Amino acid sequence: MLPSLGKQSTPAAAEEEQLHQRHLRLKSRFPEIKTAADSVKYFVSSYHCAWLTAAILLQIVTISFFLNRASIPSPVYTALPLAQARHDDDDVCEFGRVYVYHMPSLFNQDLLDNCHELAPWSSRCTALSNNGFGPPAAELSGVIPYNLTPAWYWTDLYAGEPIFHHRMMSYKCRTMYEEEATAFYIPFYVGLAVGKHLWSNYKSEDRDFHSSAMLNWIKNQSPWKKSNGSDHFIMMGRLTWDFRRLSDNDNEWGSRFLYMPLMKNVLHLTVERSPWDPLEISVPYPTPFHPRSEYDIDSWQNFIRARTRSTLFSFVGGTRKTFKKDFRGLLMSLCRNDSSSCKLVDCSITPCYDGALGMTEAFLDSVFCLQPKGDGYTRRSAFDCMLAGAIPVYFWRGSFENQYEWFLPVEAKTYSVFIDNNLVRNRSSIIKDVLEKYNTEDVERMREKIIEFMPRFLYSKSNANLGRFKDAFDITMDEVLATFKQQKDGVKV
């Protein structure tokens, strides 16, 4: 048994004993103090725990929300109009609204992210920068008015798909609700997808890969199932002939996209249409000028109206040596032999792509510009020519007939000249003879017509306020929605 140690009789022990006895007396004298204190302690502890629990739960919910958001692929573009809830004001959208599919990035954004792989010979990244506009055309500052330079870019002729998509994402008549839509836009960059595979040793399945994958995806979407694609449309940035391969022969040009069965009801927009396809509409090639405002358009129109032009006509292009009886070569020879009347820009020597400096100067200095066939019947150069206030001279009716009917006057002779290519082959001097017959009043009238409809073939910036003008995108969407509205409910438009 352990011995008892007893209490220590030290001053410190005595003081501790006094404090203990005092505490006991207080407890016995005021029992309500403990009860009140315990109640307060319980209340505070419970209140604190409740708040602590709520705070932890709130953090868990917040973290889960953002983790879930992060797991959803974001759209290529996220800019939306402020009023994109249910719409009370439909005055500005008289023909209805358009729904934009949020597609897998394989069909659009991945193509932009891998822009260095889109062409077999060089990167396309610079050309597709700035939402498809390309790099700023600062080099033109000495040729065009200084205050308009920020509205000019080196825009690629086949960049229409990302340009159109970017505009669509902030379109005033876009809806986020499928049930509200009159039309459904498919943001598939089919021209960029096939571009890489048009040359070299690629097989037909390579050229069709993205197109087949896209159609396999969209056929499972509920709006498609309801209409079988009859209220859907797509912008295709290349000529129609790049999507009309007839067989699976690896040596045949292009993809079969437009001949795939699921495309039989889809409205398609191309920079050059087939005159035999009623579901195909031609839209203007993108030009270098992308106005930011109504003022930009007015300023440019005044500039080209007042421009002094020293040359009767110009030709911008290069020879096609692989072509038999190359017509471009004939025009180049004509210009070289008559430099007093014709200004030549030889694209084998001077860069001519994307509205380059030399071609812009040539068109600004010319009354007329010669426009033979391009890769198809049409050329981007014809729009560059009219943008500069020059009058296009066509040599094939397919260059203007059944093309751009939403944008250009039906009467082509009000703004252009036609000389049959066969007449020129027999006597090249006929070009000068015909053009010299147009007097000053004729020329001014034709140029004024071009100035009048010019805004209709421009692609403005997405946040531009064009005031009284509508650009190519606005007109395209008005016509597309009107077409589908008439089809859907029989309203005459």
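The values are calculated or read from the model by the stated rules, or taken from the named source; none is laboratory data. On a predicted model such as this, the values are computed, not experimentally measured, just so you know. Here the Cβ is made from the backbone with ideal geometry for all residues, glycine too, and neighbour counts use every protein chain on show. These area figures cover heavy atoms from the full protein model, side chains too; ligands, DNA and RNA do not enter into them. Shrake-Rupley method; radii C 1.70, N 1.55, O 1.52, S 1.80 Å.
What number comes out for the charge environment of PRO291, summing +1 per Lys or Arg and -1 per Asp or Glu over other residues with Cβ under 9 Å away? Could you put the intermediate results ahead of the total?
Working: positive: ARG292, LYS461; negative: GLU294, ASP296, ASP471.
Once all neighbours under 9 Å are counted, the net charge is -1.
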key: Centre separation in Å (Cα based) which lies between the stretch 190-251 and the stretch 419-493   = 29 Å
task = Would you mind getting the accessible area per residue of the stretch 86-190, heavy atoms of the protein chains only, 1.4 Å probe, in Å²?
result = 41 Å²
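Carbon and sulfur together cover what percent of the accessible area of the stretch 318-409 at a 1.4 Å probe radius? Write out the running numbers ahead of the final one.
Values: 1830 of 3690 Å².
The nonpolar share, carbon plus sulfur, comes to 50 percent.
With a 1.4 Å probe and all protein chains left in place, how much accessible area per residue does the stretch 369-493 have, in Å²? Don't skip to the answer; put the middle values down first.
Details: 5580 Å² over 125 residues.
Per residue, the stretch 369-493 has 45 Å² of solvent-accessible surface.
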request  = Please calculate the 1.4 Å probe accessible area of LEU258, with all protein chains present, and give it to the nearest 10 Å².
outcome  = 20 Å²
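Please give the net charge around LEU118, taking every other residue with its beta carbon less than 13 angstrom from that of LEU118, where Lys and Arg add +1 and Asp and Glu add -1. Display every interim value, and only then the final one.
Working: positive: ARG124, LYS196, ARG238; negative: ASP110, ASP113, GLU117, ASP156, GLU161.
Residues close to LEU118 contribute a combined charge of -2.
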Whichever aspartates and glutamates have a C-alpha closer than 18 Å to that of LYS470, once near sequence neighbours (fewer than 8 apart) are set aside = ASP91, GLU94, GLU294, ASP296, ASP298, GLU405, GLU448, GLU452, ASP478, GLU479
query = Just how much of GLU479 is accessible, in Å², when a 1.4 Å probe is used and the result is rounded to the nearest 10?
reply = 70 Å²
request  = Provide TYR146, TYR259, TYR438, TYR185 ordered by accessible surface of protein heavy atoms (probe 1.4 Å), highest first.
outcome  = TYR146, TYR259, TYR438, TYR185
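Scaled to the compact-protein estimate 2.2 N^0.38 Å, what is the alpha-carbon radius of gyration of the stretch 145-238, rounded to two decimal places?
On the way: Rg = 16.9 Å, N = 94, 2.2 N^0.38 = 12.4 Å.
Normalised Rg, Cα atoms only: 1.36.
Against the empirical 2.2 N^0.38 Å scaling, what ratio does the C-alpha Rg of the stretch 202-331 come to?
The value comes to 1.47.
Could you rank ARG307, ARG380 by how accessible they are, 1.4 Å probe, largest area first? Let's see the in-between values first.
Values: ARG307 70, ARG380 15 Å².
Putting ARG307, ARG380 in descending order of accessible area: ARG307, ARG380.
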query = Accessible surface of ARG174 in the full protein assembly, 1.4 angstrom probe, to the nearest 10 Å²?
reply = 20 Å²
ask   = In terms of solvent-accessible area of protein heavy atoms at a 1.4 angstrom probe, what is the ranking of TRP121, TRP253, TRP224, highest value first?
value = TRP121, TRP253, TRP224
Out-of-range pairs (alpha-carbon distance over 30 Å; input LYS324/LYS432; LYS172/LYS226; LYS219/LYS373; LYS196/LYS324) = LYS219/LYS373
Table column - 3J(HN,Hα) (Hz), the stretch 159-171, Karplus curve with 6.51, -1.76, 1.60, x for Gly and Pro = 9, x, 5, x, 4, 5, 4, 4, 5, 5, 5, 10, 5
inquiry  = Report the Cα-based extents of the stretch 408-493 along its three principal axes, largest first, to the nearest Å.
reply    = 54, 30, 21
key: Net charge of Cβ neighbours under 12 Å - reference TYR189; Lys, Arg +1; Asp, Glu -1   = 0
